[in-house]
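Derivation of every value follows stated rules applied to the coordinates shown; laboratory data play no part. Every value quoted in this text rests on a predicted model; they were computed, and no experiment measured them. Using ideal geometry, Cβ is built from the backbone for each residue, glycine included, and neighbour counts are taken over all protein chains shown.
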Amino acid sequence: MNAVDISDLNVWFGKGRDRVDAVRNVSLTLAQGGSLGLVGESGSGKSTILRALTGLAPSWTGQMTVAGKTLGRRRTRTFYQTVQMVFQDPYASLHPRHSIDQVLSETLTLHGYRDIEPRIEKLLADVGLGPSYRFRYPHQLSGGQRQRVAIARALAPEPAILLLDEPTSALDVSVQAEILNLLTDIRAERDLSYMMVSHDLAVVGHMCERIAVMQNGEIVETMSVEDMRAMRMTHPYSKHLLSASMGLPTDEALSDL
Amino acid sequence: MTDQVSQSGWRAWLTTDTPTSRRQAKLSSWYHGWLAFRGNTMAMFGLGILVFLILIAIFAPLIAPHDPLAQDLGNRLKPLGESGHFLGTDSLGRDILSRLIYGARITLYIVILVALIAPVVGLFIGTVAGYTGGIIDATLMRITDIFLAFPRLVLALAFVAALGAGIENAVLAIALTAWPPYARIARAETLTIRNSDYISAVRLQGAGPLRIITKHIWPLCLSSLIVRITLDMAGIILAAAGLGFLGMGAQPPTPEWGAMISEGRRFILDHWWVATMPGLAIFTVSLAFNLLGDGLRDVLDPKDGGS
């Protein structure tokens, strides 16, 4: 059984003449315990797939199956105990007036846990924050620390699948590495399945086993990370993306100029 | 010496970047707000006047030199300072200072009641409209528009005329006319908040709309509403005084400031102090609320992330 199965997903925003088709006929699978990276340029619809999956994008058609259950229009609490998401910008994903303690205890309460105190301490330890951070407000934390809090919040309901929406793109390079290592460790410890969105091929290559390349709302190619490393790709856009990330000009890019 | 040590200990405890308990974190953020507020001289001046007003209202029976309702027709319209009446007497020989002191109670009563009703109604309607959107939003906002379309005092007059004169009805009428701007502000704030990542994040924890509105959106709307309330206070006092002046608010012999001006109007050329003293009182309190509101706006600005 796959962790996530998506077939013929279409997502759009607006209606009538303002309609924008963000995702078109996308089908993908995330194996149980596997990790899938979605790469592509800005506006290619990568994040929209995650938002549709979590119920944050209202208008979609197609079929989405998570852990064997087909998703309807509304997400249940059980769904949110299976799937959690880490947002791109840790400066925007924490409530400015809620302390870390409030964020985590509210999350735990919503998921029906009783033993909140030990769980908060455990979550903070798991993401590498000491107990001294517990009662701080987001403005008293650095970007990397905030992202750790966001990860702790996503881990609170003990999900099986973690959706990562460019979790490091708002952080500077040294902190990026720390967060990526943390995510790798957590995945190994908890046997999670990851679906990760990024425009950074190096990040995705580090984190994921399979990679889907998106362009204009469509998946143009899916490959394994070994294929990517060996540059065994067929679609010209994938080649273009990879060479761009390695800083090599392709024939195509040169002819574009 | 020990005093100094314990004082600096308290300060360090309050200003620490690493609070160790929920209580300390809360108190610490309040203390930081207070420090920012204290730096604003004009706002502190406004706060000082208001604290003074509250103390006067509480201790009115102890402070007032005379009975505010005791008439003495032989001593009517005495000028300032004459025969033991510091601010003179009105047309029925009542001591104006005592009436002003007791009037502070009525003014505070009106202000507090309106401040409890109008912003709460506005906050509720505005956040619900902003968060749910669609047809609910349209309906609630058109109702708000209808209320906004009338001049406040005229609408309040209509309400009082329907409900009957009196302080309670005046308060109700003012509150009913004061909520639409709060609803507008709350809705505008909600629209900027509702699509932010932290609201999405709590939705992913399975939180319902009620929890999101009350626990996540209200705290962020509150600061701009508090600022707006303090700035509106002057207008509310003036509206209450206006209703009193028109005979629709507090009824004689209640020493309401607006009603006092209305009474003094008849002798304003010969006995100027009868109308001027309550006018100065209204002016001072309105000014105090405005200064306080300006200061609070600097402290409570939600955009600075609560720092």
Computed E for B:Ile268/B:Leu191 - FRET, C-beta separation, R0 45 angstrom, nearest 0.05: 0.40
- prompt: Lys/Arg Cβ at +1, Asp/Glu Cβ at -1, dipole of chain B taken about the Cα centre: which of B:Asn169, B:Thr284, B:Tyr198 is farthest positive-ward?
  reply: B:Tyr198
message: If amide hydrogens are placed 1.01 Å from N in the peptide plane, which non-local residues have theirs closer than 5 Å to the one on A:Val220?
response: A:Val213, A:Met214, A:Gln215
message: Given axes a ≥ b ≥ c from the Cα gyration tensor, I'd like to know whether chain B is rounded (a/c under 1.5), prolate (a/b larger than b/c) or oblate.
response: oblate
message: Tell me whether region B:101-154 comes out rounded, prolate or oblate; compute the Cα gyration tensor, take square roots of the eigenvalues as a ≥ b ≥ c, and use a/c under 1.5 as the rounded threshold.
response: oblate
message: As a test of the formula, what do you get for the protein assembly as shown when each DSSP H run with n ≥ 4 contributes -39,500 (n - 2.57) and the sum is divided by the residue count, at 222 nm and rounded to the nearest 500 deg cm²/dmol?
response: -18000 deg cm²/dmol
query: If you place +1 on the Cβ of every Lys and Arg, -1 on the Cβ of every Asp and Glu, and leave all else neutral, what size is the dipole of region A:4-256 about its Cα centre, to the nearest 20 Debye?
result: 1000 debye
- line: Once the in-chain neighbours fewer than 8 apart are removed, the aspartates and glutamates whose Cα is under 20 Å from A:Lys122 read A:Asp101, A:Glu106, A:Glu158, A:Glu178, A:Asp185, A:Glu189, A:Asp191
- request: Any chance you could give the angle, 0 to 90 degrees and rounded to 10, that helix B:96-132 forms with the longest Cα principal axis of chain B?
  value: 30 degrees
Percent of Cα-Cα distances greater than 42 Å, calculated over the protein assembly as shown: 41 percent
field: Per-pair calculated FRET efficiency, R0 = 45 Å: A:Gln102 and A:Arg19 via Cβ, rounded to 0.05
entry: 0.70
Most positive-pole-ward Cα, A:Ser142, A:Ala156, A:Ile120, against dipole of region A:112-160 from beta carbon charges: A:Ser142
- request: Out of all DSSP beta bridges with both ends in region A:4-256, state the antiparallel percent to the nearest 5.
  value: 50 percent
message: Taking 0.36 nm per residue of sequence separation and subtracting the Cα-Cα distance, how much length would be gained by fully extending the chain between A:His139 and A:Asn10, in nm to one decimal?
response: 42.6 nm
- line: Residue-ordered couplings for region A:122-137, obtained by feeding phi - 60° into the Karplus form 6.51 cos²θ - 1.76 cosθ + 1.60 and rounding to whole Hz (Gly and Pro as x), are 5, 4, 4, 5, 4, 9, x, 10, x, x, 5, 7, 4, 9, 7, 9
message: Give me the one-decimal Kirkwood hydrodynamic radius in Å for region A:4-256, with the sum taken over alpha-carbon pairs.
response: 19.1 Å
task: Provide the FRET efficiency to the nearest 0.05 for the A:Ser59-A:Ser27 pair, computing r from the beta carbons and using R0 = 25 Å.
output: 0.85
- request: Name the most mobile residue of A:Arg148, A:Arg190, A:Arg73, meaning the one with the largest mean-square fluctuation, in a Gaussian network model of chain A with Cα contacts below 10 Å.
  value: A:Arg73
- prompt: Which of the lysines could a cross-linker bridge to A:Lys46, judged by Cα under 20 Å and excluding same-chain residues fewer than eight apart?
  reply: A:Lys239
message: Under the rule of at least 5 residues apart or a separate chain, name every residue whose amide H is placed under 5 Å from the amide H of B:Thr16.
response: none
- prompt: Dipole size in debye (nearest 20) for region A:1-90 around its Cα centre, Lys and Arg Cβ +1, Asp and Glu Cβ -1?
  reply: 400 debye
message: Need one value for B:18-29: mean number of C-beta atoms belonging to other chains within 10 Å of its residues' C-beta atoms.
response: 4
query: Pick from B:Gly235, B:Gly81, B:Gly133: which residue has the top mean-square fluctuation in a GNM of chain B where Cα pairs under 10 Å get a spring?
result: B:Gly81
task: Select from B:Pro68, B:Pro278, B:Pro252 the residue whose mean-square fluctuation is largest in a Gaussian network model of chain B (Cα-Cα springs shorter than 10 Å).
output: B:Pro252
Length released on extending from B:Leu92 to B:Val154, taking residue separation times 0.36 nm less the Cα-Cα span: 19.3 nm
field: Dipole magnitude of chain B, debye to nearest 20 (Cβ charges: Lys/Arg +1, Asp/Glu -1, about Cα centre)
entry: 760 debye
